Amino acid sequence: MYNDKESQKIVDIIQNYARKHSLFILAYGTGCGAIEIPPTMTSRYDAERFGIRGSATPRQADVLLITGYLATKSLKRVIKVYEQMQDPKYVIGFGSCTINGGMYWDSYNTINVLDKYLPVDVYINGCMPRPEAVIAGFVKLQKLIQQGKADGWDIYKKNIDEYKANQKKIITNWVMPDFNF
Amino acid sequence: MNSLVLLILIIAGGALLSYFGHKINKILGNITVFAVALIIPIYWFTQVDFTETVSFTVSGFHMELGYNMYGRLFSMIVMILSPLALIYAIGYMKDQKKLATFYFSFLFSILGMTGILMSRDFVSLFIFWEIMTWSSYLLVIFLGKDVQKTGIKYMVFSAIGAYAMLMAIVIIYKNTGSMMLSDYFGSFAGFTLQTKLLTGILLLLGFAVKSAVMPFHVWAPGAYSNTPMAYTSVFSGALSKMGIYGLGFVVVNLFAQANLEIVGYVLAWLGAITAVLATFSAVFQHDAKKLLAYSSIAQLGYIVTGIGIGTELSIMAGLYLAVLHAAFKGVLFMVVGAVERQAGTTDMNVVSGLVRKMPFTFFTALIAIIALAGIPPLGGFVGKWMLYESLINNGNFLMVIMIFLSSTAAFLYCFKFLFGLFLGQQELEFDHVKEASPIMIIPMLLLSVFLLVTGAYPGIVFKYIAEGMTNLGFHNVNWQMSVLTNAWGDSVNVQHVYLSVVVVFVAFLIFITWRGYKHATKISTKDISSSGEMIKPEDNMTYAMDFYKPFERVLSPILKYKINKYYEDFGKGLEALFDFMRRIYTGNGQTYAVYVIVFLAILLIFSKSIFGY
Amino acid sequence: MEGIGYKILGAVLTTILAFVVGMFYGGFSRKITARIQNRVGPPVWQNFLDVLKLLFKKTSVRYGFMHHIAPLWMISMSITTLMFVPVLNDGLFFTNLNFSGDIIFLLYIMVMGSLGMALGAGSTGNPNSAIGVSRGLTQMVGFEIPWVMALVALMIQYKTTSVTGLMEVQSQSGTWLMFSSPFAFIAALLAMPGMFRYSPFDIVGAPSELASGPISEFGGKYLSTMMTSGSIFAFVKLTLYVDIFMGGASNLIVLVLKTFTLYMYPVLWGTVSARFRTEQSVRYFWGWPTFFGFIALIYAAF
Amino acid sequence: MVITDPVYFIALPLLTAFLLPLFGKIYKPLIGIIPGLVFAFLAYISFDLYLNLVPGKPIIIQMAGWAPPWGINLVFSEFSGLIVTLITFLAFLVWVYSYNFKKVGFDNSKKYFTLLMLMVAGSIGVVLTGDIFNMFVFLEITAISSYGLTAFYKGRDSAEAAFKYLLLGSLSSTFILLAILLLYKQVGTLNMADIAVKAQSIDPKMKSIIAILFFVGLGIEAEMFPMNGWVPDAYSQAPGPVAASFAGMLAKSGIYALIRVFYTVLEVDGVFDLLLIMGLLTIIFAEFSAMRQKHLRRMLAYSSIGQMGLIMVAFSFNTKAGIFAGLFLMFNHAIIKTLLFLSSGFLTYSTKQKKIRDLDGFGKIMPFTSLMFGLGAFAIVGLPPFSGFWGKLNMLVATADSNLYFVIALILLVAVVEIVYYFKVIGRLYFRQQHKEVEVHNPTWNAILAMSILAIVIIGVGIYPDLITGYLTKAANELFDKAGYIHSVLPNLSLN
């Protein structure tokens, strides 16, 4: 029964349903977008009704929320946090800065395209995106999970050499622990 | 030849052989010690006849040696723990010097303890008591740390205790004309109240000092932590039980039968207070040795409470705890010794993360700590349960609360001990640490196995306790192999507990996680969620300093008062007094001549009141 | 042989019941908190989803054997504790393996699970975990005192040390102990929030300071096992309170009603209060709760 | 051996003492050898005599053929014989020890052995004599030779110590002489037994004055508080073996004289109460002062005073058990203190006044000497299985017999103090790192021999005290039996 394709499908459906409705987010809040997280979570917009809930440490989290621009210095931290998260894990790029650098597009110390360094599943546009937009982004992510398309973690694993090369290009003093899972 | 005399001769001969063996050659000495460590228990368990007695008269005092069942119970502690500690010592003391002295004193203290437990008269009791005291003193100052302070403190308190006992002994001799313990017990009821209290309390004082009851405990932390750990396991495990042994028969055979239970009650209260205060002190120690030393005091407090209450269940609890305490404190001091030897320090602020390096040591420590904390399903719980139930049955509700406070606070230091030494960050400076040698591990493992077994079958200990308690006047003690029952008929079947814990645990272990364990990667403790902070291998991330600061803040009103300080002030005052008295010897010849003349004059003036004319 | 079969079946059923009820209580508490904060809140079965999701997560790192077995330790201790608490007054399935549910024994075995978690947390080496554990143990010293005082008062008053004995006392007299021994009940009730670790006593987890404290390095299956264990344990504690003070329950519906009522008390208190510091928490427990404990003891003794 | 005459005990050493310089003229090493032979001979005959003593029949020698009460007589009884045996034994050991004790200024052994011989002769004389004036004479001989021995090193400190001793010693002689004069005036005889018989007739007022004079005079010799100011200086300034013989012989003869006078010669009410009080004061002041000493030898000296106080207390009970305990304590004190002083002689060899602080780590560089010192310390504080324990136990039992519980408590409290200062030294010897380079003077073979013998005695008696308790009991009986003494000295006297 275990190797049966049909039953595997059922397990997948259950799996994806559970994953979809229980998203523990870890907000990487260095950018200005972090200010939009509290209203999203609290009474006005109440993201918890979708099963979205903050988590304190990367080990417990499902979603890494990059809220805004990433300086080259903080990229290193983000990568470490991402790698500490357990599979499956998703990344949401938050705001224009993560898409193309936004207003910092020509800054010497920020990265422009987050997707080169981490596999982003969902981008939320705006500068800054309002909570409605954020929730829309989450719902989009839930849809992707339901369809089994939110497989950034798998892509990252498969293309690890490419990602690492990109990361090392930016981070000159590379003292990271080895990628261990 | 009489087997008891032969036992004493074997131990004394073993001491001398080890001494000379180590004087000649280290290897020869170690072989001798190992052989002695095997021969003594084997001889004791197979050859010693417990019904035999031997008596002789020395200097006009009739002396008699012979076991009773109560002494045999304590002898078992000595005879099991001490050889294991001796074997452990072979590994532990490998790099030390003066081994000849060490093993000589070690075996002589075993001799002292063995002798105490087979003495049937006060003179031999006192002789062996003193032998035990001075041999342990030599070991307390063996490492040369804090010789003046710790060593003298230990010796002074021991001497006060021993001399209190001696005073009691001579007063007893005066009143009964015999040095036999049985004569004293027999004629106790006929004494005046004053003599009863005087002799009994002086004897209690002597025993209480060794069992570190509250106002007399100040020697213990230093002495326990300064002694080489191989001996401390005996020191705390077996030697302190000699005090308990004495307290047992004094409280039960004398005071309880003379309708003076109040003395036992006061003693029980002292034990409870000791337990609480010592636990609070243990929580704030950062040296693992000191922590264990205070913990020993606290544990002895429970035992004293159990003995002091004096009901069947409570005495059983006290004696059971005494046996268990010997086992788990034996293991724990050995563990600390292993850590000290392998890692070089036992300061919990410094050392950490040894679980990855010393898994066996950690395992034994874990077992011992669970037993110490009294958490089911291990044997420690049985003793705790009996103690609580006996206190509750007696209606000593405040004492229950005290004991409970103490044993809840004990979780704090239990965790700190495990966390400080073994868990936590693995730092680079302890990368070189290796597991201790098998000769140190095996004694620890053996004692741990004992602790595991008593969790399900405490009856193997109860059997001997019940036999021992016949000498305290409790015949037909009610015990079962694994069912505990209190005076109200409520019972716990520890075997069921054990089984259900094991079954559930193993079920989950096998069916859920063993695949996960294999698939998971073991990672370094530097790879923790640190809010993105990059931790380099050489960064020290150990969190141990002021581990229980909030608790310290809670207790700050109490912690101000340190009994040690009062003693030290008293000692300083005495020294000042001595200095003042010394000045009477001015060193001036004329003054001395004046003294003589003045003395003569005084005598002449007061001759009428002195001589009558 | 038949008896043992029934017992094992009963044990499994009880465990499932405890899990389900505990999980739903967790969901209700989240929902209620949300409603109080004028939110919609998650569905009441949200906790099941969380546990399920965590179970499906990969768990690819461990810090050592201790870290690995800590969740197992916790859950096996929770289940063992459950085995020794009488769930219903009588009946075939839900009396469990208890030999009478000795109170001292329960007090001690309830600690064992926390010890497992503490060891696992310690072995991860995360300083936050260690701080959390040290806070948790300190707080335990606080709330155990009034709680034990209340229990000792009952034990001395009714001359029994078993939970079933106390339940019998209640069924015979017809009054619950919370009415016949009010001071003990007050002391126990005041000590109760410490056990459930809702605000203001949530100093162990303290997400914003300690990054969820002891469990900060546990993810995936580990965390799911811990959550399961936590919900079973919550049920155990509630049942114990109901058994001792509220006369137990003769059927499951009554049991659920009573436990839920009791459970609302720490939850509701938690929604409206801010977090204590550790020493404040201990001082609180050693204040009024202990005072009532004393009164209970005196009331029981005389 | 045919010689059974106790007169040799006095005559032989006296003679040798004066002939010693002549022997030196003949052949130098004879100075060292002759005293040894003499001491060995004395020890031998004392053992021989003592072991063959018939109970109740002391050997009584009448000097120059005059029968007592007119002539001078020597009494070798169970009591005096025991002390004499002890003294000769110790004297022999001291000789063995000091045979080639090469400390600076010690090679001039002519004076040393002469004075030592004189001191031994005097001490024995004090113990043996049955004549009170003769006792005074011997006390003087002892005292004068001791002054010389104290000042042996010729330094400023030694001279000062000797002078203090001389000052108090002359006071002592004055008082004793005065007492004897008054006594003679009252009873017209100097024989102790005779005085004892006639003492009832003395005017009580006069009797108490005589008793006081004796008490003070002999108290100085017996190191009683507050008249023991000379002791610490003398013990610490004299050479090691001399200090040992002070403790072993001089103090013993002093206490012997004291108890002989008050037990046998003069029966005065209240003197034993006074002795008890003064003994307790002696213990307390001495032990407390010892606690604060920085010099090893001074510490030992104070400890010695304390032991003497203990002996006084034991004798003050005026019971047989008390006398027995006192004798046991005397025996212990003689043996153990001798061992301590002998071993401290080597511990403090290189400097004149070795501080205790400087002894750190000596256990390693001087193992044998330290071991002996440690053994002595263990024994003197009364730890089993050494001989000191049995003395203390018997002492306490005797105290309890006299219902003096507070005295027990006091003695034991002081014993705690004693333990503290002795164990401080042991701790330093063995368990401290050496912090100062010192010249090591390991003991010579003869010193090792002397100390080993003492150690064996200590351990032997400690393990099996019945080796000596029989003799002590007999001696106690003899001292307690006043009438028996009188009867054996004056067989023709009819007591009414």
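Select from the range B:573-590 the residues that are more than 7 Å from chain D (Cβ to nearest Cβ), closer than 16 Å to D:Pro232 by Cα and outside any loop (DSSP other than H, G, I, E, B) and list them in ascending order. The one that is more than 7 Å from chain D (Cβ to nearest Cβ), closer than 16 Å to D:Pro232 by Cα and outside any loop (DSSP other than H, G, I, E, B): B:Gln590.
Among the residues of the range D:155-180, those identified as more than 10 Å from chain B (Cβ to nearest Cβ), under 21 Å from D:Asp131 (Cα atoms) and among the small types (Gly, Ala, Ser) are D:Gly169, D:Ser173, D:Ala179.
Candidates D:Ser452, D:Ser370: the one that is buried (at least 20 other Cβ atoms within 10 Å of the Cβ) and under 19 Å from D:Leu342 (Cβ atoms) is D:Ser370. Within the set C:Gly248, C:Gly230, the sole residue that is of a type outside the set (Asp, Glu), part of a loop (DSSP other than H, G, I, E, B) and under 19 Å from the mean Cα position of the chain (by Cα) turns out to be C:Gly248. Hey, does the range A:4-13 have a residue that's modelled with pLDDT under 85, assigned to a loop (DSSP other than H, G, I, E, B) and touching a strand residue (DSSP E or B) at 6+ places or on another chain (Cβ under 8 Å)? No, the range A:4-13 contains no residue that is modelled with pLDDT under 85, assigned to a loop (DSSP other than H, G, I, E, B) and touching a strand residue (DSSP E or B) at 6+ places or on another chain (Cβ under 8 Å). Listed by position, the helices (runs of 4 or more DSSP H) enclosed by the range B:82-196 that each have at least 1 residues that are modelled with pLDDT of 90 or more, of a type outside the set (Asp, Glu) and out of contact with any Asp or Glu (no Cβ under 7 Å at 6 or more places or on another chain) are B:99-118, B:122-140, B:152-176. Taken together, B:Val276, B:Val339 contain a single residue that is out of contact with any Phe, Trp or Tyr (no Cβ under 8 Å at 6 or more places or on another chain) and either closer than 17 Å to B:Ala436 by Cβ or assigned to a loop (DSSP other than H, G, I, E, B) (or both), which is B:Val339. Meeting the requirement of 2 or more residues that are under 30 Å from C:Arg62 (Cα atoms) and not β-branched (Val, Ile, Thr), the helices (runs of 4 or more DSSP H) wholly within the range A:81-181 are A:131-147, A:152-158, A:160-170.
Select from the range B:31-49 the residues that are of a type in the set (A, V, I, L, M, F, W, C) and either farther than 18 Å from B:Ile110 by Cβ or assigned to a strand (DSSP E or B) (or both) and list them in ascending order. If the condition is that a residue be of a type in the set (A, V, I, L, M, F, W, C) and either farther than 18 Å from B:Ile110 by Cβ or assigned to a strand (DSSP E or B) (or both), then B:Ile31 is the only one that fits. Of the residues C:Ala11, C:Ala70, the single one that is farther than 30 Å from C:Val272 by Cα, assigned to a helix (DSSP H, G or I), touching a residue at least 60 places away in the same chain (Cβ under 8 Å) and more than 9 Å from every other protein chain (Cβ to nearest Cβ) is C:Ala70. Within the span defined as the range B:497-519, one or more residues are polar (S, T, N, Q), away from chain A (no Cβ under 14 Å) and farther than 29 Å from C:Val141 by Cα. Scanning the range B:547-562 for residues that are more than 9 Å from chain C (Cβ to nearest Cβ) and aromatic (Phe, Trp, Tyr) gives a single hit, B:Tyr561. Considering only residues that are assigned to a helix (DSSP H, G or I) and in contact with a Lys or Arg (Cβ under 9 Å, 6 or more places away or on another chain), look in the range A:20-39 and name the one that is surrounded by the fewest Cβ atoms within 10 Å (Cβ to Cβ). My answer is A:Pro39. Only helices (runs of 4 or more DSSP H) whose full extent lies in the range B:451-530 are considered here, and the ones with at least 1 residues that are over 32 Å from the mean Cα position of the chain (by Cα) and among the aromatic types (Phe, Trp, Tyr) are B:494-508, B:514-519.
Would it be correct to say that B:Ser524 is on the phi > 0 side of the Ramachandran plot, within 14 Å of chain A (Cβ to nearest Cβ) and at pLDDT below 80? The answer is no for B:Ser524. I'm checking my understanding of the structure. Among residues of the range C:119-137 that are in contact with a Leu (Cβ under 7 Å, 6 or more places away or on another chain) and within 7 Å of chain B (Cβ to nearest Cβ), which one is nearest to C:Phe292 (Cα to Cα)? Step by step, filter the range C:119-137, then rank; the result is C:Leu137.
Going through (1) of a type outside the set (Gly, Ala, Ser); (2) closer than 30 Å to A:Asp87 by Cα; (3) crowded, with 23+ Cβ neighbours inside 10 Å; (4) away from chain B (no Cβ under 13 Å) one by one, C:Arg197 falls short only on (3).
Pairs linking a residue in the range C:220-231 that is farther than 17 Å from A:Asp62 by Cα to a residue that is at pLDDT below 85 and small (Gly, Ala, Ser), with Cβ atoms under 8 Å and 6 or more positions apart or on different chains, are C:Ser229/C:Gly113. Residues of the range D:417-434 that are in a helix (DSSP H, G or I), at pLDDT below 85 and more than 7 Å from chain B (Cβ to nearest Cβ): D:Arg428, D:Leu429, D:Tyr430. Of everything listed in (1) in contact (Cβ under 8 Å) with a residue 12 or more places away in the chain; (2) out of contact with any strand residue (DSSP E or B) (no Cβ under 6 Å at 6 or more places or on another chain), the single unmet condition for B:Gly144 is (1).
Within the range A:105-153, if we keep just the residues that are acidic (Asp, Glu) and either over 19 Å from A:Ala61 (Cα atoms) or at pLDDT below 85 (or both), the residue that is surrounded by the fewest Cβ atoms within 10 Å (Cβ to Cβ) turns out to be A:Asp106. Right, B:Val156: surrounded by fewer than 24 Cβ atoms within 10 Å (Cβ to Cβ) and within 14 Å of another protein chain (Cβ to nearest Cβ) or not? Criteria met by B:Val156. Applying a threshold of 9 Å to beta carbon distances and a minimum spacing of six or more residues, or different chains, the list of pairs starting in the range D:146-159 at a residue that is under 9 Å from D:Pro239 (Cβ atoms) and ending at one that is among the β-branched types (Val, Ile, Thr) reads D:Leu149/D:Val242; D:Phe152/D:Val242; D:Tyr153/D:Val104. Any residue at all in the range B:78-96 that's within 14 Å of chain D (Cβ to nearest Cβ), touching a helix residue (DSSP H, G or I) at 6+ places or on another chain (Cβ under 9 Å) and among the small types (Gly, Ala, Ser)? Scanning the range B:78-96, I find no residue that is within 14 Å of chain D (Cβ to nearest Cβ), touching a helix residue (DSSP H, G or I) at 6+ places or on another chain (Cβ under 9 Å) and among the small types (Gly, Ala, Ser), so the answer is no.
Residues that are at pLDDT 85 or above and closer than 22 Å to B:Ala409 by Cβ number at least 3 in the following helices (runs of 4 or more DSSP H) confined to the range C:130-209: C:182-196. If you go through the range D:8-32 and pick out every residue that is more than 16 Å from D:Leu118 (Cβ to Cβ) and loosely packed, with under 15 Cβ neighbours inside 10 Å, you end up with 5. The set of residues in the range D:183-215 that are out of contact with any strand residue (DSSP E or B) (no Cβ under 6 Å at 6 or more places or on another chain), surrounded by fewer than 24 Cβ atoms within 10 Å (Cβ to Cβ) and of a type in the set (A, V, I, L, M, F, W, C) comprises D:Val187, D:Ala196, D:Val197, D:Ala199, D:Ile202, D:Met206, D:Ile209, D:Leu213. Taking (1) under 22 Å from B:Val355 (Cα atoms); (2) away from chain A (no Cβ under 14 Å); (3) loosely packed, with under 14 Cβ neighbours inside 10 Å in turn, B:Gly612 satisfies each apart from (1).
The values are calculated or read from the model by the stated rules, or taken from the named source; none is laboratory data. Remember, it's a predicted structure, so these values are computed and weren't measured experimentally. So basically every Cβ, Gly included, is an ideal-geometry build from the backbone, and we count neighbours across all protein chains shown.
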